[in-house]
Amino acid sequence: MPVDPGVKRFFGTLVWRSWLGGGRLRAGEDVERRGFEGCVNLVFGDSADEAWHCRLSGKGVRFVAGPTENPVGTVRLSADTFLQLLSGRTSLSTAQLTGRVLVEGDGHCGMLLASLIGQSRLQAARRGLRGWITSRFLRSVLRRSPTRYELQL
């Protein structure tokens, strides 16, 4: 099965921004990362093309295409579930309780997904230029996917 174009655009942009930012995205001073360093795989299917990994360190957050060999944990979900979370059609709690989001390894890895979804939706709901840009980006991600979900803020 091919990679969902919406998921590919979302994570491709994060990989590009990681590279553009000197290899790391800043997570902000208010985000507590001490004690949690390592790589987390985000898997959306069976092939390596449908996986990305996130490297967390004291210097920031870096996204890379493809899975890593020795992750601290792995978060597995379908592309459809990810897009439902991103659009606001379902909550992460509901997806986890119904088994649509599985976390293997360190349980804190699930918080990475929660942060990605939460920060994306929070930025899209902001007023001003940043909110406008983020909401347009999320809408383009959702529009590229065959599901064609609408962003609900």
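Read-outs: derived from the displayed coordinates by stated rules, not from any lab. Everything numeric in this text was worked out from a predicted model, so none of it was measured. All Cβ positions, glycine included, derive from the backbone under ideal geometry; neighbour counts span all protein chains shown.
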Subject >> Over the chain, relative contact order from alpha-carbon pairs under 8 Å, at least 6 apart, % >> reply: 22 percent
**OP:** Only helical DSSP H runs with n ≥ 4 go in: add -39500 (n - 2.57) per run for the chain, normalise by residue count and round the 222 nm mean residue ellipticity to 500 deg cm²/dmol.
**Re:** -13000 deg cm²/dmol
Subject >> Most mobile of 116, 83, 142 in a GNM of the chain (Cα contacts under 10 Å) >> reply: 116
Original post:
Can you give the charge dipole size of the chain about its Cα centre, rounded to the nearest 20 debye, using +1 on the beta carbon of Lys and Arg and -1 on the beta carbon of Asp and Glu?
Top reply: 840 debye
**OP:** Give me 8, 59 ranked fewest to most by other Cβ atoms within 10 Å of their Cβ, as a rough exposure proxy.
**Re:** 59, 8
Original post:
Given Cα pairs under 8 Å that are at least 6 residues apart, what percent is the relative contact order of the stretch 107-153?
Top reply: 25 percent
Original post:
For the stretch 95-153, what is the largest minus smallest coordinate of the Cα atoms on each principal axis, given in angstrom and ordered from greatest to least?
Top reply: 38, 25, 15
Subject >> Simple spin-label estimate for residue 98 and residue 152 in nanometres, 7 Å along Cα-Cβ >> reply: 1.1 nm
Original post:
What ranking do 38-45, 95-102 get when scored by the average of other Cβ atoms within 10 Å per residue, highest first?
Top reply: 38-45, 95-102
**OP:** If a/c stays under 1.5 just call it rounded; otherwise compare a/b with b/c (prolate if a/b is bigger, oblate if not). Do that for the stretch 24-153, with a ≥ b ≥ c from the square roots of the Cα gyration tensor eigenvalues.
**Re:** oblate
